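The values are calculated or read from the model by the stated rules, or taken from the named source; none is laboratory data. Keep in mind that what you see is a predicted model, and the values were worked out from it rather than measured. A quick note on method: Cβ atoms are made from the backbone with ideal geometry, for glycine too, and the neighbour counts reach across all protein chains shown. Accessible surface is based on the protein model in full, side chains and every heavy atom, while ligands, DNA and RNA are left aside. Shrake-Rupley method; radii C 1.70, N 1.55, O 1.52, S 1.80 Å.
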Amino acid sequence: ITQNVDILHSKGGSKHVLHLHGRGDIVRCMNCGVTCDRKEYHDHLSESNREWMEAASASDTTTKAGGKSENKVRDNDNDNDDGKKKTS
């Protein structure tokens, strides 16, 4: 029994491994139960959302260069309508 999700025990030659917390290399649809390789699924999502990925990458580069990002995450429970934190 292992709680490691990286499947190193299996890669190391162990034959009968019980993955207590699942496996990091496989994803499973919680709706229908179908499974697939995590990398293949990631590649599929990246391809399907290419425009979003490019915009997110450009925004991240702008932010790192000192510019302001237009992609702001809002915490509706703690932000005012202007995006600033609420004060109690």
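Annotations for the structure displayed:
- Count of the range 20-36 residues which are modelled with pLDDT of 90 or more, out of contact with any helix residue (DSSP H, G or I) (no Cβ under 8 Å at 6 or more places or on another chain) and surrounded by 11 or more Cβ atoms within 10 Å (Cβ to Cβ): 3
- Count - residues of the range 7-19 that are surrounded by fewer than 12 Cβ atoms within 10 Å (Cβ to Cβ) and not in a helix (DSSP H, G or I): 6
- In the set Lys72, Lys84, Lys39, Lys64, only one residue is open to solvent by 100 Å² or more (accessible area, probe 1.4 Å), basic (Lys, Arg) and at pLDDT 80 or above; that residue is Lys39.
- All positions within the range 1-23 that are touching a Ser or Thr at 6+ places or on another chain (Cβ under 9 Å) and among the aliphatic types (A, V, I, L, M): Leu8, Val17, Leu18, Leu20
- Subset tally (residues that are within 30 Å of Ser57 (Cβ to Cβ) and of a type in the set (Ser, Thr, Tyr)) for the range 1-46: 3
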